[in-house]
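Taken together, the values in this text are just the output of simple stated rules run on the coordinates, not laboratory data. Computed from a predicted structure; not experimentally measured. Methodologically, a virtual Cβ is constructed for each residue, glycine included, from the backbone with ideal geometry; neighbour enumeration extends over all protein chains shown.
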Amino acid sequence: MNYENSLDYTKQLDKDDPLAYLRNQFHIPKDDKGNDWLYFTGNSLGLQPKQTQKYIQQELDDWAKYGVEGHFEGETPWLPYHEFLTEKMAKIVGAKPLETVVMNTLTTNLHLLMVSFYQPTKQKYKIVIESDAFPSDRYAVQSQLKFHGFDIEDGLVEWKPRAGEELLRIEDLETIVEEQGDEIALLLIGGVNYYTGQYLDIKRIAEIGHAKKCIVGIDLAHGAGNVQPNLHDSGVDFAAWCTYKYLNSGPGSLSGLFVHEKHAHNRELPRFAGWWNHNKDTRFNMRQPFDVMSGAEGWQLSNPPILSMAAIRSSLDLFDTVGMDALREKSEKLTGYFEYLINQIDTDRIKIITPTNPEERGCQLSIQVQHADKSLHQKLTDHHIITDWREPDVIRCAPVPMYNSFEDVFRMVEILKGLL
Ligand SMILES: *Cc1c(COP(=O)(O)O)cnc(C)c1O
C-alpha cells in the first residue's frame, strides 16, 4: 500500500471504507464535550454493540413473562440457547459446529480441557508455553503440573525469544520438541501473543507437537474475531478463547471452546461431568447413568447464563453479517496505515515490536518507547486515547476494524508525536 500522511487522505480512506457504517452500531465512549474517545483497547474489552441491549432485554422480558417456562417458550428458548451461538462462533474460528461450544469462562475451560488432554505419565509430563504467556495461562498450567504431582520448575518448558529479540521463532519450538519431545505431554500456546501481537503459525505448531505425540492446545483469546485461525484445518487438538475482547460480548463474558473432530466421539477421554454434557434426550429423566454427548458439547457442565449469552448472540449476529474476510481485509489496511504513520514519526525512540508481515499479526501493534515510563500512558489517557501499558515501556494499541476509523489512528499518532 502507498499511504499518505495527511488528514484529507485519512478522511478519504474512511469514505472509501465499506465497513465504515459499523462504527455507528457501537457505543463509543465520549469526553465531556461529546467527542469520541480514541479507543484502542478492543484487545482488552471490546465496545458494546448498540443492539446488545435489545438482545438482553428480550431475555429479561421472557423471564418476566414466562418464568421457568422460558426454557421452552419465546423466540429463543433457554434450553437450547447455546445452540443459537454455535454455528456463527464456529465460522469465526474456522471450526465445524460439532467442534465448537460456548460455555464457562476462559481459564475454567483451559482447566477442563487439560483434565481431558493433559494426561501425564512419569516419562511424558512436561508442558510447553511461551515465555511471555498470559499470566492466567501460566498459573493454570503450573497448577495442573502440581495437581499431578510434578515440580513446576522441571515440568514447565518455556519457548523464549532469542537474546536481544522480542518475537518467537518457530525453529526454536522445533528444537525444544526435538530435544525434549519424549518428555513433553502438552503444548499450550497463545495463538496471538497478548504482549507482542505476534500471530503464530498454529498449523505448524500442531505438526511439530504431533510429530512427537504431544497434545497441542491453543489459547485464542487474542485471536478470535481478530485473525482467521482455521482451527479445524490446523489440526490442533483443542482451543479456547474469551468473548469480551475482539468478540465484543461484555466484561467477564463466556468462553468459546474447540475440540477437534478427531476427539469428538471418544468416550474414553477422562473428563468432568455434569448434567449439561449428558445426552440431551434423557437429561431430564434425572436417573440415567451418565451418557456423554459427542463433540464440544460433551465438555459442558452447567446450564449457561442466558443474559451473558444474549450479549454474545448479539455480537455474533454482527460478525455474521459482516464476515471475517471483510473484517480481516480492513484490519490489514487499518493496522498497515497505523504502522506507516508510526514509522513516519521522526524519532529513534520508537520501535514496533509486532511483526511487520500482516500474516504474522492481527490488528494490534505493540509500540516500544525508549526512555518512557507510565506517565506517557497517563498523558495519552488525559487526551482520551485509551491504550494499554505494559511495563517497562510498551504501549499496546489495537485498531479494531469493526469500529475504529482511519481518522482514529491518524489523530492518535498526531498526539503521540506531540507528546514525544
Ligand atoms: C484475556 C486472557 C485471559 C483471561 O482469562 P479469563 O479466564 O477470561 O479471565 C486468559 N488468557 C489469555 C491469553 C488472555 O488473553
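Worth a mention:
- Think of each Lys and Arg Cβ as +1 and each Asp and Glu Cβ as -1; about the Cα centre, that makes the dipole of the range 118-256 roughly 420 debye.
- Excluding same-chain neighbours fewer than eight residues apart, the aspartates and glutamates reachable from LYS262 by a Cα-Cα span under 20 Å are GLU87, GLU99, GLU207, ASP219, ASP233, ASP237, ASP291, GLU297.
- Sequence-distant residues sharing a close amide H with GLN198 (under 5 Å, placed H): ASN193
- Amide hydrogen neighbours beyond the local backbone of ALA95, cut-off 5 Å, H modeled: LEU231, HIS232
- Gain upon complete extension [SER6, HIS71; 0.36 nm per residue less C-alpha separation]: 17.9 nm
- Which of HIS383, SER249, LEU269, positive extreme of dipole for the chain (C-beta unit charges): LEU269
- Taking a ≥ b ≥ c as the square roots of the eigenvalues of the alpha-carbon gyration tensor, the chain is classed oblate because a/c is 1.5 or more while a/b is no larger than b/c.
- Pairs from the table (LYS15/LYS54; LYS203/LYS351; LYS160/LYS351; LYS30/LYS379; LYS126/LYS212; LYS88/LYS213) lying more than 24 angstrom apart at Cα are LYS15/LYS54; LYS203/LYS351; LYS88/LYS213.
- Each peptide in 288-295, 208-215, 241-248, 342-349 receives the mean, over its residues, of other Cβ atoms within 10 Å, and ordering these scores from highest gives 241-248, 208-215, 288-295, 342-349.
- Taking other C-beta atoms within 10 angstrom as a stand-in for reagent exposure, PHE150, PHE284 fall in the order PHE284, PHE150, fewest first.
- Listed residues GLY42, THR175, GLY418: farthest to the positive end of the dipole of the chain (Cβ charges): GLY42
- Tensor-based shape of the range 80-320 (alpha-carbon gyration tensor, a/c under 1.5 rounded, otherwise prolate or oblate): oblate
- A simple spin-label model places pseudo-atoms 7 Å from Cα toward Cβ; at ASN230 and GLN288 they are separated by 3.8 nm.
- Computed about its Cα centre, the charge dipole of the range 80-320 is approximately 780 debye, with only Lys, Arg, Asp and Glu carrying charge at their Cβ.
- The value of relative contact order for the chain, using C-alpha pairs under 8 Å at least six residues apart, is 23 percent.
- Dipole of the range 199-238 computed with +1 at Lys/Arg Cβ and -1 at Asp/Glu Cβ about the Cα centre; of ALA224, SER234, CYS214, farthest Cα towards the positive end is CYS214.
- The peptide list 314-327, 31-44, put in order of mean Cβ contacts within 10 Å with the highest first, becomes 314-327, 31-44.
- Taking each residue as 0.36 nm, the span from THR108 to ARG267 lengthens on full extension beyond its C-alpha to C-alpha distance by 55.1 nm.
- Here the chain is assigned +1 on the Cβ of each Lys and Arg and -1 on the Cβ of each Asp and Glu. Its dipole about the Cα centre then comes out at about 700 debye.
- Here the calculated FRET efficiency for ASP373 and GLU83, from their Cβ-Cβ distance with R0 = 35 Å, stands at 0.10, rounded to the nearest 0.05.
- Here the residues LYS15, LYS203, ranked from fewest to most Cβ neighbours within 10 Å of their Cβ, fall in the order LYS15, LYS203.
- Per-peptide packing, taken as the mean over residues of other Cβ atoms within 10 Å, places 47-56, 407-416 in the sequence 407-416, 47-56 from highest down.
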